[in-house]
Structure formats: C-alpha cells, structure tokens
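The block underneath contains the structure these notes are about, expressed in structure tokens.
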Amino acid sequence: MTVHHTQLQYLPADLKRELLPKHVAVIMDGNGRWAKRQGLPRFIGHKHGVDALKDLLRCCKDWGIGALTAYAFSTENWKRPQEEVEFLMTLFQKVLRQELREMLEENVQIRFVGNLPALPRILQEEISRSMEETKDNRAIRFTVATNYGGREEILQACRAIADQVKQGLLQPDEIDEATFERHLYTAGICDPDLLIRTSGEMRISNFLLWQMAYAEIYITETLWPDFDRAEFHRALSAYQQRERRFGKV
C-alpha cells in the first residue's frame, strides 16, 4: 500500500466522525481518458488508477471508515480489446502479490466478489491466497468486485434459492430479504452508504444493484487517477449534508 499521500492524513475538522459512512463504494471511471489526455497509452492510466485506489484505501483506514468496495472489473469489461484485458488480469495479479505483505501489516481484510471461477487460474490462486491470509484482519474490510455483474449476482442467488426449494430445504414463504442476501456474493458485508463515481458518468453500470437500494450517490467530473484525499473530502462533505430518511418523513 506504499503510495505518495496527498496530505489530509487525519480526518478534516469540518467532517463529523459520527456521520461518516460505514461503507463506501467506488466506480473508478476514467483511467483511459486520463491517459489519453496525457498523451499516454491506456495501461498507464490503469497503473495510476491503482495508486489512487491504494491511497483511498489508506485514507478510509486513517479516517475511520470501516469498509471500502471497488468496482475493478465488470462482466462487460471482457468486451474491451484483448490486449487491455490481458494487461488488467496481469496487473491485478501483480498488485496482489506485491501488496499482500503491507495489507497484512496494515490489518486490511481483502475480499473478492464476482464470478471468480471464470478468471485466469493464476489470478484465482492469488485471490484465494490473499483472502485466506487476511481473513482475520479487522482494521478495514476491502472488497474488490472482479468479473462482477449485479444482474448475474441476483440470478445466481435466485438459482441457489430455487435449488433449495426444489430439494425441500426451504419453503417459498420462508424467502425474505435476509434469505436472499445470504446468497449474494456480498453476504456478510453491510450495504454501502455512499457510492462515488468518477468521470461524470451518471449511471451505476450494473454495480451492486440490490445493495445500492438506499445508498447516497456522489458524482464527480474528476477522472479516477486524479481522485485524491481532497476529492474524497468533498464527497464526504456532500454526503454529510444530506438527510437520509430511508422512506420515512
């Protein structure tokens, strides 16, 4: 997790600790556009995007936010040029291998969600190792959505529940929200309070469709590699100015 910090190591004085989100989710959009604006190849944007994510993870830990979920690779991202997809798979694998020791030292628990069996075997092995070795860490829960699609997640949950009903292990009238959530990739992880999307795109792109039911959404024009602690501060300030009623008056 070693990365140049962009100041603001401690929680800014204008933020109220009791109003911080417990769980922040991010759609890290704009790596390719950032690189293009710099006259650089797209893969350089992805490398800088990793640095931005590492600093956000450290920032969440520094400021007392207990969970961060990042949308790293969607089921639709396989449609990108093969060279870019292969680079991303290799990058995920390399970053996991390089950062595991520091995640252990920083007490970070890492978890991957998505259709993981469809990923390259070597990457699957790195994912399994990182989750196993950090499973008892408690400082912050870092969830990485990889080969993830919200609709696919809901469908696989429905199939699993239907199979239990077929076997007589579950009655249809016993199916409630808690039952359904136990069959999602994110079982055991609290729903996000705040979703941040960079690069100005105004959509959630098949990300955590069930879990985002009551999340506050913050959109910024900033491209992901430029999303630093000052930008995060602005997002949290906006979040704390909102009134979350959850359907109540």
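Between Lys166 and Ala187, residue separation times 0.36 nm minus the direct Cα-Cα distance comes to 5.4 nm.
Placing pseudo-labels 7 Å out from each Cα toward the beta carbon at Arg159 and Phe246 gives an inter-label distance of 3.3 nm.
Per residue, how much accessible area does the chain show when a 1.4 Å probe rolls over the protein heavy atoms, in square angstrom?
Numbers: 13250 Å² over 249 residues.
Per residue, the chain has an accessible area of 53 Å².
Which percent of the accessible heavy-atom area of the chain goes to carbon and sulfur, probe 1.4 angstrom? It would help to have the intermediate numbers written out before the result.
Numbers: 6650 of 13250 Å².
Carbon and sulfur together cover 50 percent of it.
For the pair Ala118 and Leu91, a Förster radius of 22 Å applied to the C-beta separation gives a FRET efficiency near 0.80, rounded to the nearest 0.05.
Here the label points at Lys135 and Glu152, each 7 Å from Cα along the C-beta direction, are separated by 2.4 nm in the simple model. Note on exposure: Tyr185, Tyr148, Tyr10 ranked by accessible area (1.4 Å probe, complete protein assembly) read Tyr10, Tyr185, Tyr148, with the most exposed listed first. Altogether, the Stokes-Einstein calculation at 20 °C and 1.002 mPa s, with the Kirkwood radius of the range 29-82 over Cα pairs as Rh, returns a diffusion coefficient of 169 µm²/s. If I compute Rg and Dmax of the Cα atoms in Å from the structure I just sent, which labelled value in (1) 17.7, 55; (2) 18.4, 60; (3) 17.2, 51 lines up? Checked against the structure: label (2).
Counting only protein chains, not ligands or nucleic acids, how are His23, His48, His233 ordered by accessible area (probe 1.4 Å), most first?
From most accessible down to least: His48, His233, His23.
When the residues Asp29, Asp163 are ordered by accessible surface, computed with a 1.4 Å probe over the protein chains alone, the sequence from largest down reads Asp163, Asp29.
Between Leu8 and Met212, what's the calculated FRET efficiency when r is the beta-carbon distance and R0 is 22 Å? Round to 0.05.
Values: r = 27 Å, r/R0 = 1.22.
Using R0 = 22 Å, I get an efficiency of 0.25.
Extent of the range 58-124 along its three principal axes (Cα atoms, max minus min coordinate, largest first): 38, 21, 20 Å.
The values are calculated or read from the model by the stated rules, or taken from the named source; none is laboratory data. In this text, all values refer to a predicted model and were calculated from it rather than measured experimentally. Cβ: placed from backbone, ideal geometry, glycine included. Neighbour counts: every protein chain shown. Side chains included, ligands, DNA and RNA excluded: accessible areas come from the protein's heavy atoms. Shrake-Rupley method; radii C 1.70, N 1.55, O 1.52, S 1.80 Å.
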